[in-house]
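What follows is a single structure, written as structure tokens, with notes after it.
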Amino acid sequence: MSACLPLSSILCCPRAVDCLVEKVLVDNSDLSEETKEYVSLISDALTQVVITAGPKGVMFSNETPKTNRDVRTEDVNLGWAKSGSEWNDWKQKKVKQIKHTITDNWSTVIVGEDDFFSKYSCIEKLTGVAMRNRFLLPLEDSLHYFESNKVASRVMTDLKCNEGQAQPTSYNTDFNMLTDESFSRIFFQGIGCPLIAKQEQVSDSWFGPHVVDMPIQHLPARKLFKPYGARIHFDANQKVTAIYDYVEKAIFKPGQQGWEDAKMHAKVTAFTLLTAREHLVWSHLTVSNDTSRESTIHLPPSHPIRRLLTVFTYRATEVNLEAFDTLVPRTSLLHRSCALTWPGMKSLFDMAYTGCSAYKPFPERKVTSAVQKMVDSGTFAYVSEGNEYYEIVRSFVRDWLSKAGNEVTDSFATNFYYAMKEASKGQAYTLPSMDEPDAMVNLLSTIIFTVTGYHEIMGHVVDYTILPTRAGFRIGKKSVGGIQTQIDLQSFLNTTMISASTSKRMPKLIAEFPNYIGAGGAPEWEKDVWGTYQTALKRQSAKVQAADQKRSVEFKYFDPSRFECSISV
């Protein structure tokens with residue numbers, strides 16, 4: 001078959017795309033026969049494209065990572081043009097904005113470029129359009145499995161998509177998620193911590209005081225896959241005691257028949273919910289995206305609030321555009337990876353948006369007495385170390401605003417704040433009036449906390465995606481041969497590529513940023529304030545590392561030495 005089929009032939013015959021993909025990306029690749037065999041089992045053309053071509057692209061982009069020296073004062077001018085020779089001489093310009101309406105309640109507007117990357121090229125735009133074209137690349141589900149974890153790891157290494165290749169290297173240890181203890185760790189020392197922290201009341205069940213309830217079984221799933229929905233019970237010692245499967249309408253206890261199936265179902269439900277809600281909608285497309293958009297539109301580059309936020313929104317528009325294109329549209333990688341129909345995806349996104357409390361200051365997020373007991377005893381670092389880091393950020397913001405003077409309440413600042421407040425309408429937590437005490441301080445602190453520390457725990461997901469028995473986005477139905485303790489081949493491969501995208505790192509937060517902070521005509525006081533912040537971050541990092549040495553179960557996520565300055569995928 002020729003690799004030069006005319007475009008008209010491809011447009012008229014979607015199967016021609018499949019044939020072309022199989023020929024060019026499988027037969028002509030340098031993959032092993034074993035890997036080719038597994039990839040050829042997949043009927044979905046986009047999955048084949050992504051898993052064979054994507055990892056090398058990720059690795060190539062990571063060969064020259066961005067550093068703090070790449071953030072330069074002279075590069076910051078989007079939305080504005082110099083109107084004179086003075087520091088504050090700027091004239092506002094029109095900025096291209098891309099609006100996406102996803103559900104009846106949720107639409108998002110993303111700026112078409114940012115200060116640190118150019119507009120999408122024509123080729124990039126056409127590629128994105130093709131990937132979202134349901135005629136050229138229809139969603140085609142299949143249900144195949146790796147023979148074992150050993151085979152899965154070998155194939156992923158061949159595809160260059162294993163840990164330390166396209167996927168990032170984990171800093172966690174002994175986290176297999178298979179034993180009951182390791183399963184429980186997901187929720188007390190892992191990505192599931194927010195689900196424990198948001199529990200509204202202490203359970204009086206004999207199963208224990210802690211409950212993670214995820215009643216999303218009403219979301220419609222595609223015909224090959226099991227719907228989501230689970231309630232997990234834990235005792236006071238952070239050990240799982242029971243799981244209620246909303247789909248099976250049955251409760252399972254440790255050691256009983258079906259227990260391992262129930263754990264996998266609960267992991268998949270939690271991982272899917274947290275990825276779509278806390279990670280994608282809340283962190284990327286709400287906090288980070290709102291901030292990069294509104295600061296660009298309303299704040300001139302020399303304004304002290306934009307100066308503050310620029311480091312924390314570095315390349316955020318590029319990242320959030322990629323996150324949107326990869327994870328949100330119909331037939332996106334997330335849709336292809338998970339169990340839901342498109343109406344089900346829209347319902348999940350709608351729930352995520354209307355339930356969003358991302359702008360609520362972290363220390364103000366109330367916890368139950370049972371959770372507070374863990375915090376007081378030093379066994380729930382998500383809250384204790386999260387609060388400590390938030391206060392470090394808040395002190396930094398207060399110091400910065402204090403040095404900035406009256407500009408932090410001028411018309412530019414006011415317009416920025418109320419644009420952010422307007423963006424939060426329709427969510428579970430709406431920003432208060434700017435006249436409220438510490439309103440601006442809390443907003444800026446929450447932004448910085450979210451895109452650095454909070455995103456670290458939500459975005460460091462390689463532990464969950466590295467093997468098909470860990471976690472993932474869906475389980476096949478038993479009635480069609482679905483293995484209940486393993487993610488199917490197609491979903492697993494797509495999920496590893498989503499995980500691989502998180503290896504595209506932003507500059508580390510603990511750094512001088514010598515070409516930006518106090519540079520290029522910026523006020524000298526920036527260096528002093530930034531230096532004080534850096535000292536506090538280093539002190540907190542040492543404290544977290546010392547505490548982690550004494551913990552029975554590690555919790556490394558809130559170590560500031562691991563934080564990036566801005567949100568990565």
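Students often check this: by mean Cβ neighbours within 10 Å, which of 32-41, 249-258 ranks highest, and how do the rest follow?
Top to bottom by mean Cβ count within 10 Å: 32-41, 249-258.
Just list whichever of Lys96/Lys504; Lys160/Lys267; Lys267/Lys508; Lys93/Lys198 have alpha carbons separated by over 32 Å in the model shown.
Table pairs above 32 Å Cα-Cα are Lys93/Lys198.
Calculate, for Trp259 and Glu147, the FRET efficiency according to 1/(1 + (r/R0)^6) with r their C-beta to C-beta distance and R0 25 Å; round to the nearest 0.05.
Once the sixth-power term is evaluated, E becomes 0.60.
Simple spin-label model, 7 Å along Cα-to-Cβ: Ile251 to Ser205 in nm?
Computed distance between label sites Ile251 and Ser205 equals 0.6 nm.
What does DSSP give for the chain in terms of the percent of beta bridges that are antiparallel, rounded to the nearest 5?
In the chain, approximately 95 percent of DSSP beta bridges are antiparallel ones.
Nearest 500 deg cm²/dmol is fine: what mean residue ellipticity at 222 nm does the chain get from its DSSP H runs of n ≥ 4 alone, each adding -39,500 (n - 2.57), divided by its residue count?
One gets -13000 deg cm²/dmol as the mean residue ellipticity at 222 nm.
Output the peptides 354-360, 324-330, 425-431, 405-411 sorted from most to least packed, where packing is the average of other Cβ atoms within 10 Å over each peptide's residues.
Peptide ranking by packing, descending: 324-330, 354-360, 425-431, 405-411.
Lys346: which aspartates and glutamates have alpha carbons under 13 Å from its alpha carbon, excluding same-chain residues fewer than 8 sequence positions away?
Asp104
Taking only protein heavy atoms into account and a 1.4 Å probe, give the accessible area per residue of the chain in Å². Walk me through the numbers on the way to the answer.
Working: 22640 Å² over 569 residues.
Averaged over the residues of the chain, the accessible area is 40 Å².
Expressed as a whole percentage, what fraction of the accessible surface of region 313-449 belongs to carbon and sulfur atoms when a 1.4 Å probe is rolled over the protein heavy atoms?
The computed percentage sits at 49.
Taking the highest mean first, how do the peptides 346-352, 94-100, 272-278, 476-482 order by number of other beta carbon atoms within 10 angstrom per residue?
272-278, 346-352, 476-482, 94-100
Report P(r) for the chain: all Cα-Cα distances, bin width 20 Å, range 0 to the bin holding the largest distance, values in whole percent.
Histogramming the chain at 20 Å steps yields 21, 54, 24, 1 percent.
Report the gain in length on full extension from Lys373 to Lys527: 0.36 nm times residue separation, minus Cα-Cα distance, nm rounded to one decimal. Don't skip to the answer; put the middle values down first.
On the way: separation 154, 0.36 × 154 = 55.44 nm, distance 4.00 nm.
Full-extension gain reported as 51.4 nm.
Rounded to whole Å, give me the distance from the Cα center of region 403-422 to that of region 301-348.
Taking the Cα centre of each part, region 403-422 and region 301-348 sit 25 Å apart.
If r is the Cβ-Cβ distance from Lys223 to Tyr171 and R0 is 60 Å, what FRET efficiency results, to the nearest 0.05?
Calculated value: 0.95.
Over the chain, what is the relative contact order in percent, taking alpha-carbon pairs closer than 8 angstrom and at least six residues apart?
It comes to 22 percent, rounded to a whole number.
The values are calculated or read from the model by the stated rules, or taken from the named source; none is laboratory data. All values reported here derive from a predicted model rather than from experimental measurement. Neighbour counts run over all protein chains shown; Cβ positions are idealised from the backbone, glycine included. Each accessible area value is taken on the protein alone, full model and side chains, heavy atoms only, with ligands, DNA and RNA left out. Shrake-Rupley method; radii C 1.70, N 1.55, O 1.52, S 1.80 Å.
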